[in-house]
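Worksheet for the structure shown next.
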Amino acid sequence: MAVQTPTRATAGAPTRSARPETGQPWKERWAGLFFVAPFLVLFAVFLLWPTFSGLWNSFFNTSLSGIKGEFLGLQNWREMFNDPAVWSSLRNTLVFTAMSTPPLVVIALVMALLANRKGLLGWLLRFSYFAPFVLPATVVSLIWVWIYQPGFGLVNGLLTAGGFAEIDWLNTENRAMLAVVITTVWWTVGFNFLLYLAALQGIPAQVYEAAAIDGANGRQQLFRITLPLLSRTTGLIVVLQLVASLMIFDQIYLMTDGGPNYATRPIVQYIYQNGFTNYRIGYASAISYLFFVIIVIISVLQFKLFSGRKEARG
Amino acid sequence: MRTSWSYPKVASTVGAVILGIVWLVPLLWAVSTSLKPEPETTRTPITWLPEAPTVDAYRSVVDQGDLIRWFLNSSVVAVLVTALTLLVSVLAAYGFSRTEFPGRRLLFGLMIAGILVPPQVLIVPLFQEMTSLGLVDTYWGIVLPQVVAPVMVFVLKKFFDGVSRDYEDAARVDGASRWRIVWSVMAPMSRPILVAVGIFTFIGAWNNFLWPFIVTTDPSMMTIPVGLANVQGSYGLRYAQIMASAVLGGLPLLIVYALFQRQVIRGVGDAGIKG
């Protein structure tokens, strides 16, 4: 696979420290900082500061009014670990992630294999597979709530036309999550599809020509060449997808509002409710931090697995 | 390439087309509903195409709603986010890739760590911060947090690392300042990736729901995704109107995507795979 690691141009710059700026007057030595300064200021104000003030808040009984509440120590944290809603919303988040990730990877791969062709048909396929991804969550939710509608919705229309009983998808506890997963797959698979497509287009044609000369048929080429060469891309997609799925909020909030009976409420929505509906900033911050730690652990584990495998492959 | 029509080839073409149609059906169904007169939308059995197409739903949505205002807000927000993100990220990527200054490695490491912080966990402290800065219900309140995109800086830095230093050295010999080099040497050479980064930033900013939803309370400051979230309630059960507003809300980006499809695909390749 054509993984082009950018090769740093060595000509004219044998080592970094030998470059003309270093050891130069003060102005030259610090000049580079001016380029990163605008980003760093925004980074500090809108990312670093809220990250730490969130942690700080989790030890206080602060409400949304902005007045710092009394110091509670670990009380918010203790409450959180004993709050069944934290665990049920965390569980919903994990269930959503487990249900959505496999189809989002597999369907994306199938789409890429199917749409990797030239001409107008290729263009049309790429358009229809990716188009939903560019829509806002609200548009997607409006369309799919309409599609799942009992009575005159498209899905139930098809079910009844086929002689099946209709399902009130979004108001049935064990169907609502499936409905959200189906919508999410339709909406977001396009991004993974593009990653696969780009990787496919990076495989040199000579590889297939050589295989064809050796008598490999289409199936053998797919399983012995294409899929193995895509394994690094698959790793990347799984990493990105797991983290993206864990952060689920928009479409659930818009389609089911976490219902019915909290059966679909994800952890981000529980954070939102505590902060902005119950005005419990401190408690919402503690849950945010629990969630943050989980995301970091999962990211690091995945990264370890992922880079370990790359090393093993040489 | 062989052009003979073998069985697997036909099967894969048929499969590809069927999947394409399945993927377009929800969109076409929304368009079809939006063109129906209201009573027809709730009739059973369902009709695939409107019997007497009408644009009444679109007319009433545009007349009664704040849709045009939200459209304007989304445009301002998306353009500002895209322009500022590109400006700030290109400068930072150049700084991290090509200059030396004390603390450079440390700051770069800090920025990479920032990629791990999900925006979803920042909504509460960020909203408090916006309240104290007086930026709730302002464009800057919506825009500024979205400009901080460590991933973009990382992707651009990787790309700049791959650009030969010879071009830059030649420009330096000709007396170009570093500022000049960024905009006249590096930026033009990275045009494809800048276009891709720009398009994705634009789509992301236009579609962002959670943050604008948190930081706007005044309907006149809402963006399209946030405003549309209120539509279902306010229109009651008028499905043709709901679908008409969904179509209007989704159309601009579908057009942008149709126009820039090639750049989008190439950009994902450059940023996601080779980076």
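Observations, loosely collected:
- Net dipole in debye of chain B [+1 Lys, Arg Cβ; -1 Asp, Glu Cβ; about Cα centre; nearest 20]: 960 debye
- One equal scatterer on each Cα of the range A:181-281, no solvent, Debye formula: the resulting log10 I(q)/I(0) at q = 0.14, 0.23, 0.24 Å⁻¹ is -0.70, -1.16, -1.21.
- Basic side chains Lys and Arg get +1 at the Cβ, acidic Asp and Glu get -1 at the Cβ, and with that the dipole of the protein assembly as shown about its Cα centre reaches some 1980 debye.
- Options A:Ala161, A:Met177, A:Ala108, ranked by Cα towards positive dipole end of the range A:81-178, top entry (Cβ charges): A:Ala108
- Positive end of the dipole of the range B:132-275 (Cβ unit charges, origin at the Cα centre): among B:Phe213, B:Ala176, B:Ala244, the Cα lying farthest that way belongs to B:Ala176.
- Cα-based Kirkwood hydrodynamic radius, the range B:33-98, one decimal, Å: 15.8 Å
- Computed over chain A, the per-residue total of -39500 (n - 2.57) for DSSP H runs of n ≥ 4 gives a 222 nm mean residue ellipticity of -20500 deg cm²/dmol, rounded to 500.
- Helix screen, chain A: DSSP H segments with Cα axial length of 20 Å or more and mean Kyte-Doolittle hydropathy at least -0.5 are A:26-43, A:84-115, A:173-201, A:231-246, A:281-312.
- Burial of accessible area (probe 1.4 Å, heavy atoms of protein chains only) in the range B:6-53, relative to its chain alone, reaches at least 50 Å² for B:Ala16, B:Leu19, B:Trp23, B:Pro26, B:Leu27, B:Trp29, B:Ile46.
- B:Thr131 sits with roughly 80 Å² accessible to a 1.4 Å probe, with DNA, RNA and ligands left out of the calculation.
- Rounded to the nearest 100, the interface formed by chains A and B buries 9100 square angstrom of accessible surface, both chains summed, with a 1.4 Å probe.
- Fully extended contour minus Cα-Cα distance, from A:Ile294 to A:Ala85, at 0.36 nm per residue: 73.6 nm
- The relative contact order of chain B comes to 31 percent, based on Cα pairs under 8 Å that sit 6 or more residues apart.
- Restricting the calculation to Cα atoms, the range B:123-212 yields a radius of gyration followed by a Dmax of 17.7, 51 Å.
- Taking the inverse of the mean reciprocal distance over all distinct Cα pairs, the Kirkwood hydrodynamic radius of the range B:166-229 comes to 14.7 Å.
- Helix-only CD estimate at 222 nm, as mean residue ellipticity for chain B, using -39500 (n - 2.57) per DSSP H run (n ≥ 4): -23500 deg cm²/dmol
- Solvent-accessible surface ranking, highest first, for A:Leu48, B:Leu156 at 1.4 angstrom: A:Leu48, B:Leu156
- For the range B:62-201, the fraction of C-alpha pairs farther apart than 23 angstrom is 48 percent.
- Computed FRET value (nearest 0.05) for A:Lys118 with B:Ser132, which takes r as the C-beta separation and R₀ as 56 Å: 0.50
- Alpha-carbon centroids, the range B:38-92 and the range A:214-256: separation in whole Å: 31 Å
- Expressed as a whole percent, the accessible surface of the range A:224-314 that belongs to carbon and sulfur atoms is 62, based on a 1.4 Å probe.
- In chain A, the inverse of the mean reciprocal separation of distinct Cα atoms equals 23.7 Å; this is its Kirkwood hydrodynamic radius.
- B:Val10 versus B:Arg104: modelled label distance in nm, points set 7 Å from Cα along the beta carbon direction: 6.2 nm
- Per residue accessible area in Å² of the range A:67-155, where ligands, DNA and RNA are left out and the probe is 1.4 Å: 41 Å²
- FRET efficiency estimate (nearest 0.05) - Cβ-Cβ, A:Asn278 to B:Arg69, R0 41 angstrom: 0.85
- Annotation: for a label point projected 7 angstrom from Cα along Cα→Cβ of B:Ala83, residues of the range B:198-218 with backbone N closer than 20 Å are B:198-208.
- Heavy-atom accessible area ranking, 1.4 Å probe, most first, across A:Phe59, A:Phe43: A:Phe59, A:Phe43
- For the protein assembly as shown, alpha-carbon Rg over 2.2 N^0.38 Å: 1.03
- Förster-model FRET efficiency, 51 Å R0, A:Asn217 and A:Glu70, C-beta, rounded to 0.05: 0.10
- Isotropic mean projected area of the C-alpha convex hull, chain B (nm²): 21.6 nm²
- Exercise: per-residue mean of other protein chain Cβ atoms within 10 Å, B:95-108: 5
The values are calculated or read from the model by the stated rules, or taken from the named source; none is laboratory data. On a predicted model such as this, the values are computed, not experimentally measured, just so you know. Positions of Cβ are backbone-derived with ideal geometry, glycine not excepted, and every protein chain shown enters the neighbour counts. Each accessible area value is taken on the protein alone, full model and side chains, heavy atoms only, with ligands, DNA and RNA left out. Shrake-Rupley method; radii C 1.70, N 1.55, O 1.52, S 1.80 Å.
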